[in-house]
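Chemist: A single structure is presented below for examination.
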Amino acid sequence: MLKLFLSLFLFYSSTGFSANLEKDPFSSVQWADMQSAFMQGKRVVFDARVKVKTPAYAENPMNVPVTIDATELDNIQQVIVFADFNPIPLIARYYPSNAKAILSFRFKIQQSSPVRAAVLTSDNVWHIGGAWVDSVGGGCTVASTGRLKADWADQLGDVYGRRWVSPSSNRIRFLIHHPMDTGLVSGIPAFYIEKLNFMTEQGEYLAKIELFEPINENPVLTLDFNNEISNMPILMTGADNNGNEFSAEFKP
């Protein structure tokens, strides 16, 4: 019997199963479902190097600022951001191929919840960081305010941004006019930006972001790119779930 137990222990350890049994620091009743939905059966570790910076209390549940910083990890394949207790948990996926693993934006929160970043490295391990956000809630089930303006559609997809280049930074911050409707308000279907692609003028792929319904209205995003492209324009293209396309150029 002891031999059988040792064999099973060694098997589960080698497959990463034991790591999946790590205790959730937030003791969330939704953690098992989040792990099943997003971690794809891969090994999971809670890792302090994955930093989720956000206010402890969300005063405006429709605009909760968050910064994900995983720059202490190497060989990152993708970053997933999600909130356990949101009716639509998935917030964003980020693929920083030729960019730094740091991303800032705002999102909607429905109730107090852990907000997490899951970072997949090339060894097929998910590194999890998170923060608990308290909130009065309701951010996902409120209509966007921009629709109150008669001309809101005229500005749809307009992009305003700025770029900062220095010896230690190659950063862009931009706003995209879009209502970012979650589909959870009666009579208003889901309408949101689905993807943003970043590349050089020569077509070199830099990064990709997939956005989901909980991203806030008229989203503002901040990305940091590697310094070796600091003298090159960065081109962005994107589209929403209704097929509307938009683009922008960020010059040094």
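The values are calculated or read from the model by the stated rules, or taken from the named source; none is laboratory data. Everything numeric in this text was worked out from a predicted model, so none of it was measured. All Cβ positions, glycine included, derive from the backbone under ideal geometry; neighbour counts span all protein chains shown.
Chemist: State the number of residues belonging to segment 56-66 that are under 23 Å from Pro25 (Cα atoms), within 16 Å of the chain's Cα centre (by Cα) and either surrounded by fewer than 19 Cβ atoms within 10 Å (Cβ to Cβ) or aromatic (Phe, Trp, Tyr) (or both).
Modeler: Qualifying residue count for the region: 1.
Chemist: Let me ask you something else. For Asn241, state whether it is modelled with pLDDT under 95 and either under 20 Å from the mean Cα position of the chain (by Cα) or on the phi > 0 side of the Ramachandran plot (or both). Walk me through it before giving the result.
Modeler: On the way: modelled with pLDDT under 95: no; either under 20 Å from the mean Cα position of the chain (by Cα) or on the phi > 0 side of the Ramachandran plot (or both): yes.
Considered against the rule, which asks whether it is modelled with pLDDT under 95 and either under 20 Å from the mean Cα position of the chain (by Cα) or on the phi > 0 side of the Ramachandran plot (or both), Asn241 comes out as no.
Chemist: Now, a different point. May I ask you to list the residues in segment 204-233 that are more than 24 Å from Val81 (Cα to Cα) and of a type in the set (A, V, I, L, M, F, W, C)?
Modeler: Ile229, Met232
Chemist: Cβ-Cβ under 6 Å, sequence separation 6+ or interchain: first residue in segment 142-160 and closer than 28 Å to Phe250 by Cα, partner in a loop (DSSP other than H, G, I, E, B) and polar (S, T, N, Q). Which pairs?
Modeler: Here the result reads Gly157/Asn244, each pair linking segment 142-160 to a residue that is in a loop (DSSP other than H, G, I, E, B) and polar (S, T, N, Q).
Chemist: Before we move on, is Ile128 surrounded by 19 or more Cβ atoms within 10 Å (Cβ to Cβ), hydrophobic (A, V, I, L, M, F, W, C), in contact (Cβ under 8 Å) with a residue 60 or more places away in the chain and touching an Asp or Glu at 6+ places or on another chain (Cβ under 7 Å)?
Modeler: yes
Chemist: On to the next question. Search segment 192-218 for residues that are on the phi > 0 side of the Ramachandran plot and in contact (Cβ under 8 Å) with a residue 12 or more places away in the chain and pair each with any residue that is surrounded by fewer than 16 Cβ atoms within 10 Å (Cβ to Cβ) and of a type outside the set (S, T, N, Q) when their beta-carbon atoms are under 7 Å apart and the residues are at least 6 apart or on different chains.
Modeler: Close Cβ pairs satisfying both conditions: Asn218/Leu175.
Chemist: Given the condition at pLDDT 95 or above and either farther than 30 Å from Leu223 by Cα or not small (Gly, Ala, Ser) (or both), answer yes or no: does some residue in segment 5-16 qualify?
Modeler: No: segment 5-16 contains no residue that is at pLDDT 95 or above and either farther than 30 Å from Leu223 by Cα or not small (Gly, Ala, Ser) (or both).
Chemist: Check Thr200 against each of (1) in contact with a Pro (Cβ under 8 Å, 6 or more places away or on another chain); (2) closer than 19 Å to Arg93 by Cα and name the one condition it does not meet.
Modeler: Going through (1) in contact with a Pro (Cβ under 8 Å, 6 or more places away or on another chain); (2) closer than 19 Å to Arg93 by Cα one by one, Thr200 breaks only (2).
Chemist: Among the numbered criteria (1) touching a helix residue (DSSP H, G or I) at 6+ places or on another chain (Cβ under 6 Å); (2) farther than 15 Å from Ile215 by Cβ; (3) polar (S, T, N, Q), which single criterion is violated by Gln110?
Modeler: Result: Gln110 fails condition (2) only.
Chemist: Are any residues in segment 146-190 among the hydroxyl-bearing types (Ser, Thr, Tyr) and within 15 Å of Phe107 (Cα to Cα), and if so, which ones?
Modeler: Once the filter is applied, which keeps residues that are among the hydroxyl-bearing types (Ser, Thr, Tyr) and within 15 Å of Phe107 (Cα to Cα), segment 146-190 yields only Thr182.
Chemist: Hey, another quick one. State which residue is surrounded by the fewest Cβ atoms within 10 Å (Cβ to Cβ) when the search covers only segment 207-252 and only residues that are outside any loop (DSSP other than H, G, I, E, B) and of a type in the set (Gly, Ala, Ser). Even if it seems obvious, please write down each step before you answer.
Modeler: First, the residues of segment 207-252 that are outside any loop (DSSP other than H, G, I, E, B): 207-211, 215, 220-225, 227-229, 234-240, 245-250.
Those still in the list that are of a type in the set (Gly, Ala, Ser) too: 207, 238-239, 247-248.
Details: Ala207: 23, Gly238: 22, Ala239: 16, Ser247: 13, Ala248: 19.
Step by step, filter segment 207-252, then rank; the result is Ser247.
Chemist: When only residues in segment 140-164 that are at pLDDT 95 or above and buried (at least 18 other Cβ atoms within 10 Å of the Cβ) count, which is farthest from the chain's Cα centre (by Cα)?
Modeler: Arg163
Chemist: So, one more: Thr200 is checked against (1) at pLDDT 95 or above; (2) farther than 17 Å from Gly146 by Cα; (3) buried (at least 16 other Cβ atoms within 10 Å of the Cβ) and fails just one. What number does that condition carry?
Modeler: That leaves (3) as the condition not met.
Chemist: Can I ask one more? Given the conditions (1) assigned to a strand (DSSP E or B); (2) in contact (Cβ under 8 Å) with a residue 60 or more places away in the chain, report the number of the one that Gly137 does not fulfil.
Modeler: (1)
Chemist: Okay, moving on. Could you tell me which residue of segment 92-123 is surrounded by the most Cβ atoms within 10 Å (Cβ to Cβ), considering only residues that are hydroxyl-bearing (Ser, Thr, Tyr) and outside any strand (DSSP E or B)?
Modeler: Ser112
Chemist: Go through segment 175-206 residue by residue and tally those that are part of a strand (DSSP E or B), of a type in the set (Ser, Thr, Tyr) and in contact with a Gly (Cβ under 9 Å, 6 or more places away or on another chain).
Modeler: Qualifying residue count for the region: 0.
Chemist: Taking only pairs six or more apart or across chains, which ones have beta-carbon atoms under 8 Å, a first residue in segment 21-35 that is small (Gly, Ala, Ser), and a second residue that is buried (at least 17 other Cβ atoms within 10 Å of the Cβ) and assigned to a loop (DSSP other than H, G, I, E, B)?
Modeler: Ser28/Asp84; Ser28/Phe85
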